[in-house]
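The values are calculated or read from the model by the stated rules, or taken from the named source; none is laboratory data. Quick caveat, the model's predicted, so the values are computed rather than measured. With ideal geometry, Cβ positions are generated from the backbone for all residues, glycine too; neighbour counts draw on all protein chains shown. Accessible surface is based on the protein model in full, side chains and every heavy atom, while ligands, DNA and RNA are left aside. Shrake-Rupley method; radii C 1.70, N 1.55, O 1.52, S 1.80 Å.
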Amino acid sequence: MQPSSVDTLLLREPPANGAALERALTAARGELALKRPVRRWRTQAVWVVASSVAMVGSVAAVLLAVEQLTLSDLLGRAHLFALLWVTGAVCAWSSLSPRGRGLRRVGVLLAMVSAATLVFSRGAAASAPSLPPWVCTVSHLGVAIGPLIVSVLALRAAAFHPLRALVAGLAVGTTGALMGELACAQDWRHVAGYHLSAWALVALVELAVSKFLKPRSFAP
């Protein structure tokens, strides 16, 4: 079997004056010697989406168990759940895809459409709130922590890019938005002020954390 061009390059002795090339080859040989398992970006994208779905599913199960949510409530908001899950899936997939630049713009657009839909689909509050409004913001941030960790670790497999990290954060932020549709019955002003602010904050946190973490790879 003929050696590949990469193997040939790594086995070739660098020229006498090629100090920089020698350092690069030494680093490459060291990385190859580690024999780290290859994590496919598609698998990691699925894990990001699955972590969000699992978190929202757990919250829904608890609310159903304590009779704070009914099946008719779920069916009545099924179109919103579907929109948010599609948004999260598109954002997660595009953020980790090596060729997802165009799809990332679609993800941002979908997130904007979803946010607007959440606001305009709300009417008057069903009842007077029993808790301070900021509780929604804090709870949305809380349920996003697990998916955020999964997403940040997945992003370390590629070179940092602001749009990539921001779109990944938008994917994670759908977790809190979904919880808001499950557990909150307040009006559109509350959704705009306390739900969407949490979604935006999650995206900004992902952007900031991803920027300062050292990537495991500088793949595109």
Would you pick out the residues in the range 122-136 that are touching a residue at least 24 places away in the same chain (Cβ under 8 Å) and either over 24 Å from Asp73 (Cβ atoms) or open to solvent by 60 Å² or more (accessible area, probe 1.4 Å) (or both)?
-> Ala124, Ala126, Ser127, Pro129, Trp134
Only one of Val106, Val48 that is under 22 Å from Val143 (Cα atoms) and among the hydrophobic types (A, V, I, L, M, F, W, C) = Val48
Going through the range 158-182 one residue at a time, which ones are in contact with a Ser or Thr (Cβ under 8 Å, 6 or more places away or on another chain), open to solvent by 30 Å² or more (accessible area, probe 1.4 Å) and under 20 Å from Ser94 (Cα atoms)?
-> Phe160
Any pair with Cβ under 6 angstrom, 6 or more apart, that starts in the range 66-85 at a residue that is within 11 Å of Leu178 (Cα to Cα) and ends at one that is open to solvent by less than 50 Å² (accessible area, probe 1.4 Å) and among the hydroxyl-bearing types (Ser, Thr, Tyr) = Leu83/Ser114; Leu84/Ser114; Leu84/Thr174
Residues that are farther than 21 Å from Val59 by Cα and not in a helix (DSSP H, G or I), drawn from the range 159-186 = Ala159, Phe160, His161
Just wondering, is there one or more residues in the range 94-107 that are part of a helix (DSSP H, G or I), at pLDDT below 65 and among the basic types (Lys, Arg)?
-> no
